1. Checking Thr53 against (1) free of Cβ contacts under 8 Å to residues at least 24 places away in the same chain; (2) touching a strand residue (DSSP E or B) at 6+ places or on another chain (Cβ under 8 Å), which single condition isn't satisfied?
2. State all residues of region 9-38 that are of a type in the set (Ser, Thr, Tyr) and in a helix (DSSP H, G or I); if no residue qualifies, say none.
3. I'd like to know if region 242-252 contains one or more residues that are surrounded by 16 or more Cβ atoms within 10 Å (Cβ to Cβ), over 20 Å from Arg301 (Cα atoms) and acidic (Asp, Glu).
4. Return yes when Lys258 is under 19 Å from the mean Cα position of the chain (by Cα) and closer than 23 Å to Arg194 by Cβ and no when it is not.
5. Kindly state which strands (runs of 3 or more DSSP E) lie completely within region 98-192 and contain at least 2 residues that are over 30 Å from Leu211 (Cα atoms).
6. Select from region 279-304 the residues that are of a type in the set (Val, Ile, Thr) and surrounded by 24 or more Cβ atoms within 10 Å (Cβ to Cβ) and write down the one among them that is nearest to the ligand (Cβ to nearest atom).
7. Taking the criterion of being in a helix (DSSP H, G or I) and surrounded by 14 or more Cβ atoms within 10 Å (Cβ to Cβ), would at least one residue in region 208-215 satisfy it?
8. Just name the residue that is farthest from Leu187 (Cα to Cα) out of those in region 218-227 that are of a type outside the set (A, V, I, L, M) and touching a residue at least 24 places away in the same chain (Cβ under 8 Å).
Amino acid sequence: MTARAQVRGVGHYLPDRVVPNAAFEDTLDTTDEWIRSRTGIERRHFAAEGQTTSDLATRAARAALEDAGLEAADLDAIVLATSTADLTFPSAATMVQANLGMERGFAFDVQAVCAGFVYALTNANALILSGQAQRVLVIGAETFSRIMDWTDRGTCVLFGDGAGALILERAEGDGTAADRGILATDLHSDGRHRDILYVDGGVATQTTGHLRMQGKEVFRHAVEKLAATAHTALDRAGLGPEDVDWIVPHQANLRIIKATASRMGVPMDKVVVTVQDHGNTSAASIPLALSVGVARGQISRGDLVVTEAIGGGLAWGAVVLRW
Ligand code: UT7
């Protein structure tokens, strides 16, 4: 018997306010047509005034708990991927813990920007396999609208707010790729590329700062690195592209999503795409896409799912799991 971290529930939350591309035409030299054709994005959700990342995360967590038929008291840990925590500290994860009324266990944030959910899943998997926790709530939640420079058309039209959550639970498998649960993971970072995607504020500047990106450079790294990490993770699981039921990629740009699927040798009808409705929600994009993919009837129990993401750091990675 082999311990496996299996998905027990999934859920998401999107703020009510939906902003179509055309809304940017009034204040910026941009068009709906440019944004659609260069990115695939059509609209995004923005948090209401005063609504924080931990608020969105709590809503997604409640949805995942309901889906799993569990209470907060049944959880041992919360791992929350975010780069837009409410405060410098404490972690947004501990805020969610309090909001859920969870009085035991432990909670912490993972900060790997757009790769955050892949990092969080990998950490939660390790907690379960090492026996530290039986059930872990894994959340990706962001309010990137708080760190946009609204005068920079190269970035502010790309991002959105939202949250998604999964509950992972320890179960026994046979140790084969037919098991449900996380089958393989692969993580990387390369801090030499810190200047192509970063926020120019923080403790060092005593400001929150704004997101800065050399889009073309990030694009180039994304296309090259995402397919490679997905292949590595599949290899580790003893599987190949032909075994994939769904790629659930980080949702930054439809052109990156298509190029990665093509390099992986997986057709686009096996890719869950939500970027048109959510924009780039950084660490929230994969759990949002997983939850929406299930709600649409695309992902079902037993399906082989590959998630892959890249973001600031650069940090990137992939997780192969059987749903
Ligand atoms: O989630 C973390 C990872 N992030 C990503 O994966 C983002 C990766 N990068 C991208 O998705 C793309 O590089 C962008 C969507 C950011 C940009 O697309 P691009 O095809 O690489 O365009 P570009 O940056 O080369 O810009 C082409 C032109 C430029 O004008 P000139 O210099 O050719 O006159 C830009 O100034 O498009 C201009 N441009 C815009 N035009 C209208 C940039 N943003 C806009 C805009 N509206 N919003």
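The values are calculated or read from the model by the stated rules, or taken from the named source; none is laboratory data. Just so it is clear, the model here is predicted, and its values are computed rather than measured. With ideal geometry, Cβ positions are generated from the backbone for all residues, glycine too; neighbour counts draw on all protein chains shown.
1. If we test Thr53 against (1) free of Cβ contacts under 8 Å to residues at least 24 places away in the same chain; (2) touching a strand residue (DSSP E or B) at 6+ places or on another chain (Cβ under 8 Å), just (1) comes out false.
2. Once the filter is applied, which keeps residues that are of a type in the set (Ser, Thr, Tyr) and in a helix (DSSP H, G or I), region 9-38 yields only Ser37.
3. no
4. No.
5. Passing ranges, in order: 135-143, 161-173, 181-189.
6. Among those residues, the one meeting the criterion is Thr281.
7. Scanning region 208-215, I find at least one residue that is in a helix (DSSP H, G or I) and surrounded by 14 or more Cβ atoms within 10 Å (Cβ to Cβ), so the answer is yes.
8. Phe219
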